[in-house]
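Inspection log for the structure reproduced underneath, given as structure tokens.
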Amino acid sequence: MRIGFLTNCLRHRNLPEIIEWAGANGFSALELACWPREGNAVDPSLDVVNFSQQNADELNALAQKHNITFTCLTYCPNTLAHNPAERDANVKHIYRVIDAAQLLGVQNVSTFVGRDETKTQKQNFDEMANVFAPMLDYAGARNVRIAIENCPMPGWQFEGLAGNVAYAPVIWDEMFARLPHANFGLNLDPSHLVWLGVNYYDIVPQYASRIFHTHAKDTEIYADKRPYYSIMNSGWDTWWQYRLPGKGEIDWKRWANVLRANGYDGALSIEHEDPEYEHTEALVQEGLLLGKKNLTEAIS
């Protein structure tokens, strides 16, 4: 397995700098953030709007020089946004990400399903099929797979509502039944399943063929707070917190062994959302290195 990270945590560095830092510090994989750029001089996201084969060749050459493999291109918007203009812009950008993945020779593109908060869950699945069926055909023709990240995004569109409908195994079953495309799968993040109460170890065999990529993020549970806030709370405070690998509930050696036993040999990509290590760039880097250390021990 390769240990890497999602690049958007290094907000004040551009991609060439991130590639050089990652290689110098023993990472072997990068998951490239592909959010629309906002005109900043420094941006950790890949500019997929202005991206050519020459750009891809130069980026691949730099990655090879630093022993880095690009494992996924990631952009997670609301593809079912109620506002038609917002939805259209989000979906069009995913197509640009797919094009960039083809140019780079990267097999995985990760995104959200999202939600239209004015519709029922069934209606959202109807909309999902309309949006993703042509997208999956387009991606498949370019040898690209679409991997859905399973974050619930509580309160994203409306307080107390899961903003991304693709958050639990029972929902994945419906998702894959409606869209049985071979290039449709998961960017599986166990940290969300921790606080949702899903046995993340036992589900791996059932979805092994759909696990295209994985996020390495942990969750710390504050047992004294849970009875007070309840599992439904998404307000000012809560009883859990995302952490770096090794700082929460997940047994990473067991997780790596379960993945490996079910045929997964891809990236463990750190998605850095740990508040203890995010106030300065030095802390972000310290957190990434801590996560790498713990994951390296887990897969050894």
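The values are calculated or read from the model by the stated rules, or taken from the named source; none is laboratory data. Since the model is a prediction, treat every value here as computed from it, not as a measurement. Note that we place each Cβ from the backbone using ideal geometry, even for glycine, and neighbour counts take in every protein chain shown.
For the stretch 135-171: of the residues being part of a loop (DSSP other than H, G, I, E, B) and touching a strand residue (DSSP E or B) at 6+ places or on another chain (Cβ under 6 Å), which is surrounded by the fewest Cβ atoms within 10 Å (Cβ to Cβ)?
P152
Which condition from (1) farther than 28 Å from W195 by Cα; (2) of a type outside the set (G, A, S); (3) in contact with a Leu (Cβ under 9 Å, 6 or more places away or on another chain) is the one that M135 breaks?
Looking at each condition in turn, M135 falls short on (3).
Quickly run through the stretch 260-286 and pick out the residues that are small (G, A, S), closer than 17 Å to W21 by Cα and free of Cβ contacts under 8 Å to residues at least 60 places away in the same chain.
Selection gives A282 alone.
Yes/no per residue for (1) in contact with a Ser or Thr (Cβ under 8 Å, 6 or more places away or on another chain); (2) assigned to a helix (DSSP H, G or I):
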| residue | (1), (2) |
| --- | --- |
| L73 | yes, no |
| P77 | yes, no |
| L80 | no, no |
| N90 | yes, yes |
| H93 | no, yes |
| L103 | yes, yes |
| N124 | no, yes |
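Of all residues in the stretch 242-272, count the ones that are in a loop (DSSP other than H, G, I, E, B), farther than 18 Å from F27 by Cβ and touching a Gly at 6+ places or on another chain (Cβ under 9 Å).
1
Pick out the one residue from A168, A182 that is touching a residue at least 24 places away in the same chain (Cβ under 8 Å), out of contact with any Phe, Trp or Tyr (no Cβ under 8 Å at 6 or more places or on another chain) and closer than 24 Å to F70 by Cβ.
On inspection, the qualifying residue turns out to be A182.
For the stretch 113-131, give me each residue that is under 28 Å from V204 (Cβ atoms) and either in contact with a helix residue (DSSP H, G or I) (Cβ under 9 Å, 6 or more places away or on another chain) or loosely packed, with under 14 Cβ neighbours inside 10 Å (or both).
Result: V113, G114, R115, Q121, K122, F125, M128, A129, V131.
Which count do you get for residues in the stretch 211-235 that are surrounded by fewer than 22 Cβ atoms within 10 Å (Cβ to Cβ) and either aromatic (F, W, Y) or closer than 17 Å to M1 by Cα (or both)?
4
Please work out which residue is modelled with the lowest pLDDT, limiting yourself to the stretch 45-80 and to residues that are in contact with a Lys or Arg (Cβ under 8 Å, 6 or more places away or on another chain) and under 26 Å from G155 (Cα atoms).
Checking each candidate, the answer is S45.
Looking at the stretch 273-300 only, could you name the residues that are surrounded by fewer than 21 Cβ atoms within 10 Å (Cβ to Cβ) and part of a loop (DSSP other than H, G, I, E, B)?
E273, E278, H279, T280, S300
Going through the stretch 183-203 one residue at a time, which ones are touching a helix residue (DSSP H, G or I) at 6+ places or on another chain (Cβ under 6 Å) and within 26 Å of A101 (Cα to Cα)?
N183, F184, G185, L186
Within the stretch 206-228, can you find the residues that are in contact (Cβ under 8 Å) with a residue 24 or more places away in the chain, among the aliphatic types (A, V, I, L, M) and not in a helix (DSSP H, G or I)?
I211, A216, I221
Could you tell me whether the stretch 198-205 includes any residue that is part of a helix (DSSP H, G or I), surrounded by 15 or more Cβ atoms within 10 Å (Cβ to Cβ), under 14 Å from the mean Cα position of the chain (by Cα) and not aromatic (F, W, Y)?
There is no residue in the stretch 198-205 that is part of a helix (DSSP H, G or I), surrounded by 15 or more Cβ atoms within 10 Å (Cβ to Cβ), under 14 Å from the mean Cα position of the chain (by Cα) and not aromatic (F, W, Y).
Please tell me if A56 is loosely packed, with under 13 Cβ neighbours inside 10 Å, outside any loop (DSSP other than H, G, I, E, B) and not polar (S, T, N, Q).
No: the conditions fail for A56.
Which one of Y242, Y264 is aromatic (F, W, Y), in contact with a Pro (Cβ under 9 Å, 6 or more places away or on another chain), surrounded by fewer than 22 Cβ atoms within 10 Å (Cβ to Cβ) and modelled with pLDDT of 95 or more?
Every option except Y242 fails the conditions.
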